[in-house]
Structures are given as structure tokens and as C-alpha cells.
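The next block holds one structure in the form of C-alpha cells; read it before the comments.
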Amino acid sequence: MSTTLRKTFHVAATPDQVMNAIRNPATIEDSERSRDALQVRVTDLRRTDDTHEYEIMTVTYSRGVTGIDKSKTDENHTRVTWDLKTRRGTWVWRGPHGPKVKVSGSYDLRPDGEGTRMDLAVEIDVSIPLVGRVVEGKVRDAFEEHWPGYVDIVSKHVNAA
């Protein structure tokens with residue numbers, strides 16, 4: 001069983017400005033560091049007129065069922081693919097827990113009055129016996145807690161451009 005979270009935000013900028021800010025390595029680094037990433041690297045994989053695909057590698061303190069272990073670190077990878085025409089981005093996260101923890105999501109940007117409607121979604125599937133649902137809930141809560149700050153970071157980068 002999996003857990004899904006969807007939230008809608010408004011950004012006072014055009015959809016293209018918001019999409020460009022989200023894809024900006026400086027925005028990505030600010031966002032990751034705001035969630036305690038120790039290292040961040042963004043690598044372009046493919047860029048065409050229609051598509052932008054990149055990978056975000058982060059190093060974070062290890063996280064497990066019992067919480068954060070600052071004596072160890074983990075490497076995490078998020079592959080993001082944007083359809084530049086529809087302004088839709090999808091992403092898939094891979095981390096140290098392999099196939100037992102699957103996290104993926106999307107960004108959908110649409111014109112909304114004088115700005116942009118940003119629909120964010122995440123799907124979390126943790127197949128760890130006995131504690132999977134609890135872990136899914138904690139991951140979901142973390143997204144819900146951090147998304148408003150993420151939107152603030154995107155807005156800051158839109159306004160800095």
C-alpha cells in the first residue's frame with residue numbers, strides 16, 4: 001500500500017519563470033540544504049527544446065526507522081524529467097534503502113490569474129514489514145512540513161532572476 005500527498009500553492013510569477021527557478025541549480029541547492037543536505041550536486045543528463053532531465057545527488061545523515069544517525073551518511077539520487085511544453089516535471093528518488101522505499105512525485109505548473117498554480121504531488125511506498133505505514137506517514141509529514149518553505153525558496157529565486 002502507498003501514501004499519496006497533493007498540495008496546491010500559488011507563486012506570483014509566470015509558469016515559465018517558476019519552471020526556470022525550479023530547474024535552477026542554485027534553487028535546488030538552497031532547497032536541499034534547507035533540509036540538511038551536507039552535499040548537493042546537480043548533473044544535466046539531457047536537454048532539448050522539449051525536455052530537461054537532470055539528477056540531483058545529495059549526501060545526508062543516515063535516516064532509519066529510529067530517526068537520524070549523525071555517525072553515518074547516505075547518498076541519495078533524484079532523477080527529474082521536465083516536459084518543457086506542458087510545464088510538468090516528474091521525479092523519482094533512490095536512496096540507501098533500495099527497493100523497499102519508493103518515493104516519486106510531480107510538479108504541475110499552470111497559469112493562475114497574475115501568477116502560477118503549482119500542484120505538487122508525492123507518492124510514498126515503504127514495504128518494510130510492521131513499520132512501513134509508520135515510515136510512509138513520517139515521510140508524508142516531512143513533505144507537508146517542507147513544501148511551504150520550498151515554495152518560498154522558489155519564489156525567492158524567481159524574484160532574484
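The values are calculated or read from the model by the stated rules, or taken from the named source; none is laboratory data. For clarity, every value in this text was computed on a predicted model and none was experimentally measured. We place every Cβ from the backbone using ideal geometry, glycine too, and count neighbours over all the protein chains shown.
Would you please name the residue that is farthest from VAL101 (Cα to Cα), looking only at residues in region 50-85 that are surrounded by 14 or more Cβ atoms within 10 Å (Cβ to Cβ) and basic (Lys, Arg)?
Among residues in region 50-85 that are surrounded by 14 or more Cβ atoms within 10 Å (Cβ to Cβ) and basic (Lys, Arg), the one farthest from VAL101 (Cα to Cα) is ARG79.
Just name the residue that is modelled with the lowest pLDDT out of those in region 26-37 that are outside any helix (DSSP H, G or I) and surrounded by 13 or more Cβ atoms within 10 Å (Cβ to Cβ).
Filtering region 26-37 for residues that are outside any helix (DSSP H, G or I) and surrounded by 13 or more Cβ atoms within 10 Å (Cβ to Cβ), the one modelled with the lowest pLDDT comes out as ARG35.
Please identify the pairs in which a residue from region 86-98 that is aliphatic (A, V, I, L, M) has its Cβ atom under 9 Å from the Cβ atom of a residue that is assigned to a strand (DSSP E or B) and surrounded by 18 or more Cβ atoms within 10 Å (Cβ to Cβ), counting only partners at least 6 apart or on another chain.
VAL92/THR78; VAL92/VAL80; VAL92/VAL103; VAL92/GLY105
For ASP36, are the conditions met, namely being farther than 15 Å from VAL151 by Cα and either over 16 Å from the mean Cα position of the chain (by Cα) or not small (Gly, Ala, Ser) (or both)?
Considered against the rule, which asks whether it is farther than 15 Å from VAL151 by Cα and either over 16 Å from the mean Cα position of the chain (by Cα) or not small (Gly, Ala, Ser) (or both), ASP36 comes out as yes.
Report, ordered by the first and then the second residue, all pairs with beta carbons closer than 8 Å, sequence separation of six or more or different chains, a first member in region 37-59 that is under 22 Å from THR86 (Cα atoms), and a second member that is of a type in the set (Phe, Trp, Tyr) and surrounded by 13 or more Cβ atoms within 10 Å (Cβ to Cβ).
ASP44/TYR54; LEU45/TYR54; THR51/TRP82; HIS52/TRP82; GLU53/TRP82
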